[in-house]
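Report on the structure given below.
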Number of protein chains: 2
Amino acid sequence: MVKGIGDDCAVITIGGPEYLLVTTDLFVEKVHFLMDWATPESIGAKVLATNISDIAACGGVPRDAFVSIAVPEHIGLDWLEAFYAGMAGLARSFAVNVLGGDTTRSRSDFVANIALTGLVPVSEVLFRHTARPNDLIVLTGPTGESAAGAEILLERPRVPPDVAGVLVRAHLEPVPHVLQGRILAASGACTAAIDVSDGISSDLGHICRDSEVAAVVYEDKLPVSDALRQAGTIMGKDLLDWILNGGEDYVLLAAVDPDGLSGIERSFKEHGLPLFPIGEFCRGSHMELIKKDDSRHILKPGGWDHFK
Amino acid sequence: MVKGIGDDCAVITIGGPEYLLVTTDLFVEKVHFLMDWATPESIGAKVLATNISDIAACGGVPRDAFVSIAVPEHIGLDWLEAFYAGMAGLARSFAVNVLGGDTTRSRSDFVANIALTGLVPVSEVLFRHTARPNDLIVLTGPTGESAAGAEILLERPRVPPDVAGVLVRAHLEPVPHVLQGRILAASGACTAAIDVSDGISSDLGHICRDSEVAAVVYEDKLPVSDALRQAGTIMGKDLLDWILNGGEDYVLLAAVDPDGLSGIERSFKEHGLPLFPIGEFCRGSHMELIKKDDSRHILKPGGWDHFK
């Protein structure tokens, strides 16, 4: 074992050129998903997607998924088959084998646990604790869409169907950034990474705490999708709250050596993938947000305060 | 991947002299255990023990355990700490690292999932589908004690405390047979194995079905512990029902080449471990039970019928 609790995956030596990565997540009906909102296909895909995202954050490729489920009486065979079909669809996209696990009864809620293995070359594994002052902060995609999608499902505001569709899909059917993680890991210039599951303000905080660095994020560099902007206007929401504090986007947030940025940008461009530098790590003890009006704010998990 | 669903573990190639074994089990309060019966320590130990037993059945040594839990409001921090302490105690006995997993809320019942890895030399892995006619059937310990212990907890019969203690402990604190599995695997003479989690009649049936062989079991060769015999007399129970159909004993049931039995017996003896030959595999399509009165019965999962 190289590293245990705390990173997205456990990183385990297996005596070859690669580390074994293992991640596991438990999903409980009505805590993590509502049957009314989501199809069984999308629930099956999302529980696998969140685990694949953990492997991606370590720079690895996912390999074998072990699925355990506890099934209450209100779940029928049709529902279960659709749940597995959704999972199998996403698994095929990422060449993941879905292997059997345990199936048991539940008295009340549906429960699913995924344990997923992956592999990463020993010299390329990405951790959370290795970011350095002066490294740039990059995002592999826009954030906030999933949180906005969840609010649309909950509050049913009058949002155009195409806009609502994009955001709800971002919430229900996130696509993990495996290729993005591999490009970062293989570049030799990425020093740390995490997937944005709790929101930028929380997940950047994890890297800062584990790496003992501070960070500055610029509002005007944060990517904002068109759908998010339209929903924000209609729903009267502060976009920055969604973007910084919304979770479950499953894009990657990474630390990159400034000298290596152009090479990484070129690789992303070759694959048709976007990459967004949003700030930099620095010495210090807190995260800072610089707004478009140049005002400075302390950024902390879940929000920000005006700098005193 | 070498073998997926069906065996006790998934068996995965990792490009070295060993296979990676992975097993996963989901435990749900009131389905798998009752808080009233068991201490949190024993629950934590047992959920790990059942997974270690799956690794033992493949001839492997357990390595890293990943624990996910869903915690309802009625579970306090003290209970959780005791749950982990019980797991850590058993983990130390078998040199297993308990690594973090996922912790989440539950609306109703406590849920725990363990994903456990293990390693086994490529040439020694034990499967269920490789038993051959004429191989002997061996057990690494007596069965039925766990089922008797569960009945004692449920029915509270008047059984002497020392007898009840042995049987209840067999149910609540099973000890997986890792060393026994390693001796069998390293012997070169063990052709198949399974752990007795559902009862001999079911688990022997799994080997017969997967290996396409039949089997004969002799009542007079089945090990019977003193505690089980005493409880059977007091409770007016048919011992053979407990022994053949009781589950959760977590001893190993294995197929052994007759020419290799004496070597395996010698190794077990050197380690102070018992080994019980209870019958043999043969050509055919059903399992047979030969009772002490020489009467012949069809043995099937969960019971037996007089031979017609």
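General observations
- Residue within region B:29-43 that is within 12 Å of chain A (Cβ to nearest Cβ), basic (Lys, Arg) and over 15 Å from B:Val96 (Cβ atoms) present: yes
- Qualifying residue in region B:71-79 (condition: part of a loop (DSSP other than H, G, I, E, B), more than 13 Å from chain A (Cβ to nearest Cβ), out of contact with any Leu (no Cβ under 6 Å at 6 or more places or on another chain) and closer than 30 Å to B:Thr140 by Cβ): no
- Within region A:252-297, being of a type in the set (Phe, Trp, Tyr) and under 15 Å from A:Gln180 (Cα atoms) holds for A:Phe268, A:Phe276.
- Index of the failed condition, A:Ser68 passing every other in (1) more than 17 Å from A:Val98 (Cα to Cα); (2) within 12 Å of chain B (Cβ to nearest Cβ): (1)
- Evaluation of A:Ile14 against (1) more than 7 Å from chain B (Cβ to nearest Cβ); (2) buried (at least 17 other Cβ atoms within 10 Å of the Cβ) (one fails), failing number: (1)
- Unique residue being at pLDDT 95 or above and outside any loop (DSSP other than H, G, I, E, B) when the list is B:Ala131, B:Ala185, B:Ala115: B:Ala185
Residue by residue, here is whether (1) charged (D, E, K, R); (2) surrounded by 22 or more Cβ atoms within 10 Å (Cβ to Cβ); (3) part of a strand (DSSP E or B); (4) on the phi > 0 side of the Ramachandran plot holds:
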position: B:Ile207; (1), (2), (3), (4): no, yes, no, no
position: B:Asp249; (1), (2), (3), (4): yes, yes, no, no
position: B:Gly263; (1), (2), (3), (4): no, no, no, no
position: B:Gly272; (1), (2), (3), (4): no, no, no, yes
position: B:Asp294; (1), (2), (3), (4): yes, no, no, yes
position: B:Leu299; (1), (2), (3), (4): no, yes, yes, no
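- Residues of region A:280-292 satisfying the condition of being more than 18 Å from A:Trp242 (Cα to Cα) and modelled with pLDDT of 95 or more: A:Glu280, A:Phe281, A:Cys282, A:Arg283
- Filtering B:Leu179, B:Leu244 for residues that are over 25 Å from B:Glu124 (Cβ atoms) and part of a helix (DSSP H, G or I) leaves a single hit, B:Leu244.
- Qualifying residue in region B:93-116 (condition: more than 14 Å from chain A (Cβ to nearest Cβ) and not polar (S, T, N, Q)): yes
Residue by residue, here is whether (1) of a type outside the set (Val, Ile, Thr); (2) surrounded by fewer than 21 Cβ atoms within 10 Å (Cβ to Cβ); (3) under 25 Å from B:Thr191 (Cβ atoms) holds:
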| residue | (1), (2), (3) |
| --- | --- |
| B:Leu26 | yes, no, no |
| B:Lys30 | yes, yes, no |
| B:Phe33 | yes, yes, no |
| B:Thr39 | no, yes, no |
| B:Gly44 | yes, no, no |
| B:Val47 | no, no, no |
| B:Ile55 | no, no, yes |
| B:Gly59 | yes, no, yes |
| B:Phe66 | yes, no, no |
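- Residue identified as of a type outside the set (Val, Ile, Thr), touching an Asp or Glu at 6+ places or on another chain (Cβ under 7 Å), surrounded by fewer than 20 Cβ atoms within 10 Å (Cβ to Cβ) and on the phi < 0 side of the Ramachandran plot among B:His129, B:His171: B:His129
- For the residues B:Leu119, B:Leu77, B:Leu90, the requirement of being assigned by TED's automatic domain parsing to the domain that holds B:Val47 and in contact with a Gly (Cβ under 7 Å, 6 or more places away or on another chain) singles out B:Leu119.
- Considering only residues in region A:191-238 that are among the hydroxyl-bearing types (Ser, Thr, Tyr) and farther than 29 Å from A:Cys9 by Cβ, the one that is modelled with the highest pLDDT turns out to be A:Tyr218.
- Qualifying residue in region B:134-141 (condition: crowded, with 20+ Cβ neighbours inside 10 Å, of a type outside the set (Val, Ile, Thr), in contact (Cβ under 8 Å) with a residue 12 or more places away in the chain and within 14 Å of chain A (Cβ to nearest Cβ)): no
- Within region A:274-283, tally of residues that are surrounded by 14 or more Cβ atoms within 10 Å (Cβ to Cβ), over 18 Å from the mean Cα position of the chain (by Cα) and assigned to a loop (DSSP other than H, G, I, E, B): 0
The values are calculated or read from the model by the stated rules, or taken from the named source; none is laboratory data. Predicted model, so just to flag it, every value in this text is computed and none were measured. Here the Cβ is made from the backbone with ideal geometry for all residues, glycine too, and neighbour counts use every protein chain on show.
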